[in-house]
1. Run the helix sum for the chain: -39,500 (n - 2.57) per DSSP H stretch of 4+ residues, divided by residue count, reported at 222 nm to the nearest 500 deg cm²/dmol.
2. Helix 184-200 sits at what angle to the longest principal axis of the chain, using alpha carbons and giving 0 to 90 degrees rounded to 10?
3. Give me the net charge for the shell around W210: Cβ to Cβ below 13 angstrom, other residues only, Lys and Arg +1, Asp and Glu -1.
4. Give, as a single signed number, the net charge of other residues whose beta carbon lies under 10 Å from the beta carbon of V190, with Lys and Arg counted +1 and Asp and Glu -1.
5. For the chain, find the longest principal axis of its Cα atoms and tell me its angle to the long axis of helix 78-90, 0 to 90°, nearest 10.
6. Rounded to the nearest Å, what's the spacing between the alpha carbon centres of segment 34-57 and segment 84-126? Just the number, please.
7. Between Q141 and I30, take the C-beta separation as r, use R0 = 35 Å, and let me know the FRET efficiency to the nearest 0.05.
8. Quick one: putting +1 on the C-beta of Lys and Arg, -1 on the C-beta of Asp and Glu, what dipole do you get for the chain around its Cα centre, in Debye to the nearest 20?
Amino acid sequence: MRFIFFTASIAFVVFVSLLSSCPTVKGQEISGSDQIIYEFSERALQDINHQYDADLLRECMGFYLDNQQLDNPQGSYNKAIRLGYQIVSIDHKDIDTYTTVAWLLWSKWVCWTRKPNRMPDGEGKADEAVKLLSWGKQWNQKSARFYKESADTIWPLAKYYRADLYDFVIENYQKADLLALANDLFKVRVRLNLGHIYRQTGKKETAVYWYQRVLEIAPDNEVAGRYLAYLKNESGRKKIQ
């Protein structure tokens, strides 16, 4: 996942320079330049539903991603998540923000399952992450990248914590494969991932199918070839036995 946040515009520099100075963050050390964006970010959060400049909000989100100690509780990323929701409500096709917020949400859930007192608001956040990505589909129905990165984001959650979410991951990878045009490298990555998922979940025949689909467009792909040979040899050994 790439966390891409745009450089502030000249208008932003002019605007924040007019803001009245605020006290520095209690108990925290931040630089003078960070103090400026901290002040603006706090003001934006106080009136988040009336903030419509997505580029400026990305700057604020990036600040809180780098300064998780400013959240309450620390490390919760609550402020970055709130800003992210407002960003995608403005820019419905901001794939990076969708996936970043979804990852933050399910990470909160994992933390809650391990230490509920440290992350008391983590309950239900994994489902909220999936809901956010599903909501974003309506504006990204023709974006192969949206589907692939949605699957990339939820795959670790399905693999290590929530096997019930494999259906979501597979559906999104398959949609990405259908939508991809002539980008062979993109399709190779998607089909490899599908092969890996089916192999990891014990569906070996389907895994073989997807590794073969990789070789259709990349005959020299060593990863697909190696796994395909392994699965076929394993199947052959079982028949002999």
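Bear in mind that the values in this text are calculations on the coordinates, not laboratory data. Worth saying up front: this structure is predicted, and the values here are computed from it rather than measured. Positions of Cβ are generated from backbone atoms using ideal geometry, with glycine treated the same way; all protein chains shown enter the neighbour counts.
1. Numbers: 11 runs with 162 residues, N = 241.
One gets -22000 deg cm²/dmol as the mean residue ellipticity at 222 nm.
2. 70 degrees
3. +4
4. Working: positive: K148, K175, K187, R189, R191, R213; negative: D152, D177.
Once all neighbours under 10 Å are counted, the net charge is +4.
5. Helix 78-90 sits at roughly 80 degrees to that axis.
6. With segment 34-57 and segment 84-126 each reduced to a Cα centre, they are spaced 19 Å.
7. On the way: r = 41 Å, r/R0 = 1.18.
Efficiency, rounded to the nearest 0.05: 0.25.
8. Numbers: 32 positive and 29 negative charges, 287 e Å.
About 1380 debye.
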